[in-house]
Amino acid sequence: MRPPRPNGFRDRWAGELRAADVGKTVRVAGWVHRRRDHGGLIFIDLRDRSGLLQLVFHPETAADAHALAETLRSEHVLTAQGELVAREGGSVNPDLATGEIELSVVEAARLAEAATPPFRVDDDDPVDETLRLRHRMIDLRRAPMARNMVLRHKVTHAMRDHLNTHDFLDIETPILTRSTPEGARDFLVPARRVPGAFFALPQSPQLFKQLLMMSGFERYYQIARCFRDEDTRADRQPEFTQLDIELSFVDEDDVIEVMEGVMGSVFEATGFPIDGPPWRRMTYAEVMARYGSDKPDLRFGLEIHDLSEAVAGTAFRVLGGAPTVRGFNAGARDVARRDLDELTEHARRFGARGLIWAVVGEDGWQRTSAGPLEEAQRAAISTALTAAPGDLLLIVADEELSALTVLGELRLEIGRRYALTEGQPHAIVWVVEAPMFERDAAGHLTAMHHPFTAPTGDWSDPASMRSRAYDLALDGLEIGGGSIRNHDAAEQQRVFDVLRIGAREAQARFGFLLDALRYGAPPHGGIAMGIDRIVAVIAGEPSIRDVIAFPKTASGSDPLTGAPAPVDAEQLRELSLRTTAAS
């Protein structure tokens with residue numbers, strides 16, 4: 001950090017003073033982090049953004065300052081001046097960057113008093129999250145949160161620096177825009193001057209960044225705020241931040257290469273221990289078949305295998321009559337019946353009708369939930385899963401996607417239960433060639449990515465088409481994704497037709513994009529990276545709420561401000577609105 005401009009409050013950052021500064025007269029300012037009275041000498045740990053510095057108040061040489069120190073309490077705001085001196089050998093603190101020195105205070109002034117904080121700032125003991133969010137200003141003073149905010153700055157700084165040196169332009173796009181279907185509900189904003197009409201907050205800058213490519217800017221980026229009115233979901237926020245990128249005259253390899261450069265710079269700037277690019281690529285079909293997830297955690301094995309052939313000919317209807325049978329070897333596990341019941345319940349939570357398990361013994365299966373299964377099929381399964389005595393085998397019989405999804409979740413649960421990622425290197429992978437369309441609960445085709453993604457394949461069978469999309473997964477979390485876009489108006493309408501959006505409706509909802517496509521649109525593509533999640537992974541935080549300055553709860557509320565909150569009747573009248581909610 002650059003030295004602060006000298007003024008009446010401070011001329012140095014407290015946490016950046018070192019032994020080389022001994023003998024200098026300095027002035028520092030900050031908060032009382034900790035106070036210790038040694039029956040004469042009073043010690044204050046002063047905290048500012050740069051760190052901690054120990055102040056010592058002597059009653060015989062600075063009586064007024066010492067008298068003030070007697071009244072100081074946690075989180076009082078203080079300015080102090082004195083000579084920087086070396087600590088005596090026995091009092092050196094090797095765990096503190098300023099641990100070799102202290103400020104012998106000559107003059108000090110209290111700048112503000114503080115009420116007793118709702119929780120301690122000077123330690124890292126767990127605090128109820130709702131209490132932390134209600135008093136977020138206090139929470140942000142704690143060292144872990146302060147470190148996370150600095151880390152977040154380093155991440156976005158590295159992103160900007162890399163892109164600025166690679167000919168990208170930082171361009172803002174509107175926050176108030178038109179409601180367009182992008183996979184989640186929009187947050188709507190009533191337009192006071194047009195009664196009955198609404199703006200929408202953007203779920204992403206998708207259409208605008210495509211328009212920028214058609215405008216000829218060719219390389220765009222933005223640290224963009226996005227908004228999605230989703231139902232309660234763990235570790236999701238109704239507003240979030242993403243690095244948004246779009247490029248012209250590119251294919252998939254070009255976008256991936258740019259993004260690997262950006263993320264390589266981020267990991268280097270933050271000291272995140274991961275191998276540099278280029279990174280592994282796997283197809284969607286491969287990761288689903290092997291890991292049961294489109295964002296696979298590759299830090300451990302437990303790969304899924306097709307067991308349909310192994311159980312062929314069985315009279316056991318649960319397996320013999322199923323569309324597919326898949327399973328994996330969970331390794332040598334000492335499992336009680338309670339553990340197996342819990343795993344079965346976990347499988348049911350993700351749609352399984354049941355779970356078949358087996359514990360392998362020296363001579364066949366020692367215990368199993370598949371009692372009627374013949375010995376030949378048991379042996380074939382054990383061979384297919386390379387089973388050894390003591391291994392736990394987990395098997396699901398169902399439709400292919402359901403079986404893979406359930407086993408993918410069981411694989412992660414085994415990884416959590418037995419800490420299989422501990423000590424393993426971080427793993428990053430590109431997932432490519434995802435399906436263009438998927439079916440909703442009603443059986444209709446919907447866009448797996450979004451409707452502006454370019455497809456590949458045979459239009460006579462849209463359900464079989466693949467997308468020119470690419471997602472980046474880190475340690476089992478999707479940290480970003482993008483695609484090559486449709487740059488031809490007729491091709492874009494063909495996608496809309498599959499999605500049951502006719503030409504008239506498409507023109508009404510996306511006319512500005514379709515019109516732009518008719519005026520010479522270059523081939524283009526882009527990607528969006530989730531900054532909240534990237535920072536959380538680098539920081540080692542399990543929740544993105546711990547890397548966002550002022551987050552919402554998992555349910556979307558804000559304990560700090562009380563939002564969302566009712567508004568008065570006059571505001572509603574101005575907006576030509578009336579609420580039907582019970583008061």
Item to check | Anchor residue 24: aspartates and glutamates whose Cα lies under 12 Å away (excluding residues fewer than 8 positions away in-chain) | outcome: 11, 83, 102
Item to check | Förster-model FRET efficiency, 35 Å R0, residue 223 and residue 71, C-beta, rounded to 0.05 | outcome: 0.20
Item to check | Computed over the chain: relative contact order in percent, which uses C-alpha pairs under 8 Å that are six or more apart | outcome: 13 percent
Checklist outcome for this item: Only helices counted: for the chain, with every DSSP H run of 4 or more residues adding -39500 (n - 2.57) and the sum spread over all residues, [θ] at 222 nm is -8000 deg cm²/dmol
Checklist outcome for this item: To the nearest 20 debye, the chain has a Cα-centred charge dipole, built from +1 on Lys and Arg Cβ and -1 on Asp and Glu Cβ, of 1440 debye
Checklist entry - For the chain, which whole-number percentage of the solvent-accessible area (1.4 Å probe, protein heavy atoms only) is attributable to carbon and sulfur atoms? => result 50 percent
Checklist entry - How much of residue 208 can a 1.4 Å solvent probe reach, expressed as accessible area in Å² and rounded to 10? => result 60 Å²
Item to check | Global form of region 361-417, assessed from the alpha-carbon gyration tensor, a/c cut-off 1.5 | outcome: oblate
Next on the checklist: Need the list of aspartates and glutamates near residue 209 for cross-linking: C-alpha distance under 12 angstrom, and skip anything on the same chain fewer than eight residues off.
Outcome noted: 170, 172, 218, 244, 246
Checklist entry - Using the Cα gyration tensor of region 213-297, with a ≥ b ≥ c the square roots of its eigenvalues, what is the shape: rounded (a/c below 1.5), prolate (a/b larger than b/c) or oblate (neither)? => result rounded
Checklist entry - Among (i) 1.05; (ii) 0.98; (iii) 1.09, which is the computed Rg/Rh (Cα atoms, Kirkwood Rh)? => result (i)
Checklist entry - Between residue 417 and residue 557, what length in nm is gained on full extension when 0.36 nm per residue of separation is reduced by their alpha carbon distance? => result 47.3 nm
Item to check | Rounded FRET efficiency, nearest 0.05, which uses the C-beta distance separating residue 349 from residue 146 and R0 of 41 Å | outcome: 0.65
Next on the checklist: To check you understand DSSP bridge types, tell me what percent of the beta bridges within the chain (both residues inside) are antiparallel, rounded to 5.
Outcome noted: 90 percent
Checklist outcome for this item: Under a 1.4 Å probe, counting only protein heavy atoms, residue 509 has an accessible area in Å², nearest 10, of 70 Å²
Checklist outcome for this item: Judged on accessible area alone, 1.4 Å probe, highest first, 13, 430, 31 line up as 31, 13, 430
Item to check | Segment residue 280-residue 576, length gained on full extension (0.36 nm per residue, minus Cα span) | outcome: 101.1 nm
Item to check | Neighbour cut-off at most 15 other Cβ (10 Å), DSSP loop, GluC sites (Glu not before Pro), region 379-432 | outcome: 399, 422
Checklist entry - Could you give the nm distance between label points at residue 164 and residue 36, where each point is 7 Å from its Cα heading toward the beta carbon? => result 4.3 nm
Checklist outcome for this item: Between residue 55 and residues 5 or more places away or on another chain, the pairs with built amide H atoms under 5 Å apart involve 44, 45, 46, 103
Next on the checklist: Keeping all protein chains in place and using 1.4 angstrom, which order do 519, 418 fall into by accessible surface area, from largest down?
Outcome noted: 519, 418
Item to check | Exposure ranking of 570, 309, 260, 129 by accessible area [1.4 Å probe, largest first] | outcome: 309, 570, 129, 260
Checklist entry - Rounded to the nearest 20 Debye, what is the dipole magnitude of region 345-491 about its Cα centre when Lys and Arg each give +1 and Asp and Glu each give -1 at the C-beta? => result 300 debye
Checklist entry - By a straight-distance test (C-alpha under 15 Å), which aspartates and glutamates pair with residue 154 as possible cross-link partners, with residues fewer than eight away in the same chain excluded? => result 268, 532
Checklist entry - If you take the square roots of the eigenvalues of the alpha-carbon gyration tensor of region 484-583 and sort them as a ≥ b ≥ c, do you get rounded (a/c under 1.5), prolate (a/b over b/c) or oblate? => result oblate
Item to check | Peptides ranked, highest mean first, by Cβ atoms within 10 Å: ranges 166-179, 555-568 | outcome: 166-179, 555-568
Checklist entry - Using 0.36 nm per residue, how much length does the chain from residue 116 to residue 24 gain when fully extended, once their Cα-Cα distance is taken away? => result 29.7 nm
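The values are calculated or read from the model by the stated rules, or taken from the named source; none is laboratory data. What you see is a predicted model, and the numbers here were worked out from it, not measured in a lab. All Cβ positions, even for glycine, are placed from backbone atoms using ideal geometry, and neighbour counts span all protein chains on display. What goes into the accessible areas is simple: the full protein's heavy atoms, side chains included, and nothing from ligands, DNA or RNA. Shrake-Rupley method; radii C 1.70, N 1.55, O 1.52, S 1.80 Å.
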